[in-house]
Amino acid sequence: MSPGAEENKLSQLPPEMIEFALLKTTGALAPRLGRISLAGRKTILTPAFLGNTSRGIIPHVSQDNLRKSIALNGVYVPLEDFVEKHPQQIPPIFQYDVPEPLRKFIALPEDTLLVLGARRNPPIPSPVANTNTDVGLSTSVGFKSMSSEYYAAAVRKLQPDIVVGVADIPFGQESVGTKRKDKMSDRTELWLRDIIARKDTLDKGEKSWSIFAPILPIERDLQSWYLEHLLEDMVDKISGVAIYDTYLLDDLPDQLHHLPRLSFHAPASPHELLRQISLGMDLFTVPFLAEATDAGIVLDFTFPPPTKDESASARRILGIDMWHQDHAAAVIPLSEGCTCYACTKHHRAYLQHLLAAKEMLGWVLIQLHNHAIMAAFFDGVRASLEAATFDADVSAFEAYYEPALPEKTGQGPRIRGYQFKSEEHAKKEKKNPKAYKRFDADKILELKAAHGQQPNRKPEMRGVIDDEALLGLVGMEQPTIEADPSAQLDGLKLDDDAKA
Ligand SMILES: [Zn+2]
């Protein structure tokens, strides 16, 4: 297709709709190259990652630094960060009467793609159970529920570029019965229809948005009605899919293969990202980036990896713990060869000083660097796919680097109210921390459940995915499923409410 013809095709689409072009792929469950375009926004070449925001920003990174120092063309924003004391009080974001209020509210650059979902990735399991109409949330002031209609109305008001339909997933529940799974499928369909209906009734000239349909983390036959209806009468209304379990990607109906795939299956290491990419996932949020930053860990890997020195037997670490005493007087860049702002302007000794002094700048610099490493990683992945050397490069990467990120040793920044409490905070620093460990079967079930996933791994996927590592069940420091004590089950009874 000539560039001119492509422009024509773009211009025929409503200006608010994204276009996804599959540039290269070899099969249904194979890695692929794509391009997401939307008028007025920077084009995203996939595989790629979106900035995983907290209250509208990438943690530690102000919007001017986002613009200057992070090459990110899109961000993911969860609505639960903003609804606060709804419905007793109208959240401030809905009182902001300008075009594209969410973008303006969080001062997001005009050309950055804005993806809105209901819940964070990964979400904190909410003790407020989902109902036929409502989904449980964990807001900044406690657990709440939100109706699907409210979500649809919020989307209309906030005008994101892409909205992810709400999925009925009982996060944190280790064993979900068949009846409950039927419900998941029914409710998810209903809730998706609410979004579509809202979009169909927009006034003329009102800004529209693209819809990503959630694909549930349950077997295909248990969500078959939903998928059938999706294909029958919703497929023309959706522009992408949001996948909660990569193990089940081969269940995705063929008719949905042309759509971009956003992964809500949180990877815990670059290896797991590569496995998901090798199965054809396009977009990621990469929660381990901010986790590593908070732990004072500077990511240190490239894809494809450097040529392996055969005399060196040990695999290289994926990240450098800036709390380690070795760096106390090290006036070298955080990561050799990195050209990011932090590496070109500062050195490890200064970074360690900042962390020890609890200076916010420490985490700012690490976050900038970690995002630069991740951007370069995805650049490398796309170049490798282009050159058709991906499989060999993945093998080389696995041979070169350790399988998991290093364990956290130092203290992180102040934990925000809606973040997990971590067991690690109470522990004394270990003298020789193990690089990684395997959790027991119960712990694995619990962790999978926190991501909404059920013990339903299909035998035929075993050849593609080697172990629980895809979920990050190996080696990462894991949070306990314990909500912040200040968060209240019944948000309606907060003191401030009484005064209002
Ligand atoms: Zn750097």
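The values are calculated or read from the model by the stated rules, or taken from the named source; none is laboratory data. These numbers come from a predicted model, not from an experiment. Every residue, glycine among them, receives a Cβ derived from its backbone with ideal geometry; neighbour counts consider all protein chains shown.
Residues in region 118-133: is at least one under 26 Å from Glu206 (Cα atoms) and buried (at least 17 other Cβ atoms within 10 Å of the Cβ)?
Within region 118-133, one or more residues are under 26 Å from Glu206 (Cα atoms) and buried (at least 17 other Cβ atoms within 10 Å of the Cβ).
Check whether at least one residue in region 336-354 is hydrophobic (A, V, I, L, M, F, W, C), touching a strand residue (DSSP E or B) at 6+ places or on another chain (Cβ under 7 Å) and farther than 30 Å from Leu113 by Cα, and report yes or no.
Looking only at region 336-354, we keep the residues that are hydrophobic (A, V, I, L, M, F, W, C), and these are 338, 340, 342-343, 349, 351, 354.
With touching a strand residue (DSSP E or B) at 6+ places or on another chain (Cβ under 7 Å) added as a condition, the list becomes none.
No, region 336-354 contains no residue that is hydrophobic (A, V, I, L, M, F, W, C), touching a strand residue (DSSP E or B) at 6+ places or on another chain (Cβ under 7 Å) and farther than 30 Å from Leu113 by Cα.
Kindly provide the set of residues from region 288-337 that are of a type in the set (Asp, Glu) and under 17 Å from His369 (Cα atoms), ordered by number.
Within region 288-337, the subset of a type in the set (Asp, Glu) is 291, 294, 300, 309-310, 321, 326, 336.
Of everything in region 288-337, those that are of a type in the set (Asp, Glu) and under 17 Å from His369 (Cα atoms) turn out to be Glu291, Asp294, Asp300, Asp321, Glu336.
In region 51-152, which strands (runs of 3 or more DSSP E) lie fully inside it and hold 1 or more residues that are closer than 28 Å to Ala342 by Cα and within 19 Å of the chain's Cα centre (by Cα)? Spell out the reasoning first.
Details: elements: 74-78, 113-117, 134-139, 142-147.
Qualifying strands (runs of 3 or more DSSP E): 74-78, 113-117.
Among the residues of region 364-381, which ones are touching a residue at least 40 places away in the same chain (Cβ under 8 Å) and hydrophobic (A, V, I, L, M, F, W, C)? Before you say what the answer is, go through the steps one by one.
First, the residues of region 364-381 that are touching a residue at least 40 places away in the same chain (Cβ under 8 Å): 364, 366-378, 380-381.
Correct list: Val364, Ile366, Leu368, Ala372, Ile373, Met374, Ala375, Ala376, Phe377, Phe378, Val381.
Determine if region 414-426 includes at least one residue that is crowded, with 18+ Cβ neighbours inside 10 Å, at pLDDT 95 or above, among the hydroxyl-bearing types (Ser, Thr, Tyr) and more than 16 Å from the ligand (Cβ to nearest atom).
For region 414-426, residues crowded, with 18+ Cβ neighbours inside 10 Å, at pLDDT 95 or above, among the hydroxyl-bearing types (Ser, Thr, Tyr) and more than 16 Å from the ligand (Cβ to nearest atom): absent.
Which numbered condition trips up Ile243, out of (1) under 26 Å from Glu446 (Cα atoms); (2) surrounded by fewer than 24 Cβ atoms within 10 Å (Cβ to Cβ)?
Every listed condition holds for Ile243 apart from (2).
Within region 268-281, can one find any residue that is farther than 27 Å from Gly117 by Cβ and either surrounded by 23 or more Cβ atoms within 10 Å (Cβ to Cβ) or of a type outside the set (A, V, I, L, M, F, W, C) (or both)? First the steps, then the outcome.
The initial filter retains those residues of region 268-281 that are farther than 27 Å from Gly117 by Cβ, namely none.
Checked against the condition, which is being farther than 27 Å from Gly117 by Cβ and either surrounded by 23 or more Cβ atoms within 10 Å (Cβ to Cβ) or of a type outside the set (A, V, I, L, M, F, W, C) (or both), region 268-281 yields no hits at all.
Enumerate the helices (runs of 4 or more DSSP H) found wholly within region 282-382, keeping only those where 3 or more residues are surrounded by 19 or more Cβ atoms within 10 Å (Cβ to Cβ) and away from the ligand (no atom under 12 Å from the Cβ). Break it down into steps so the answer makes sense when it comes.
Details: elements: 288-294, 341-345, 348-356.
Qualifying helices (runs of 4 or more DSSP H): 288-294, 348-356.
Restricted to region 197-225, and to residues that are assigned to a helix (DSSP H, G or I) and buried (at least 17 other Cβ atoms within 10 Å of the Cβ), which residue is nearest to the chain's Cα centre (by Cα)?
First, the residues of region 197-225 that are assigned to a helix (DSSP H, G or I): 197-200, 220-225.
Restricting the remaining residues to those that are buried (at least 17 other Cβ atoms within 10 Å of the Cβ) gives 198-199, 222-223.
Numbers: Arg198: 26, Lys199: 25, Leu222: 25, Gln223: 23 Å.
Within region 197-225, the match that is nearest to the chain's Cα centre (by Cα) is Gln223.
How do the pairs read when you match residues in region 162-177 that are under 15 Å from Pro455 (Cβ atoms) with residues anywhere that are among the polar types (S, T, N, Q) and assigned to a loop (DSSP other than H, G, I, E, B), using Cβ under 7 Å and keeping only pairs 6 or more apart or on different chains?
Within 7 Å, the pairs are Pro170/Asn130; Val176/Gln454.
Test Val394 against the criterion of being within 15 Å of the ligand (Cβ to nearest atom), at pLDDT 95 or above and under 27 Å from the mean Cα position of the chain (by Cα), and give yes or no. Step through it out loud before you land on a result.
Working: within 15 Å of the ligand (Cβ to nearest atom): no; at pLDDT 95 or above: yes; under 27 Å from the mean Cα position of the chain (by Cα): yes.
Judged against the criteria, Val394 is not a match.
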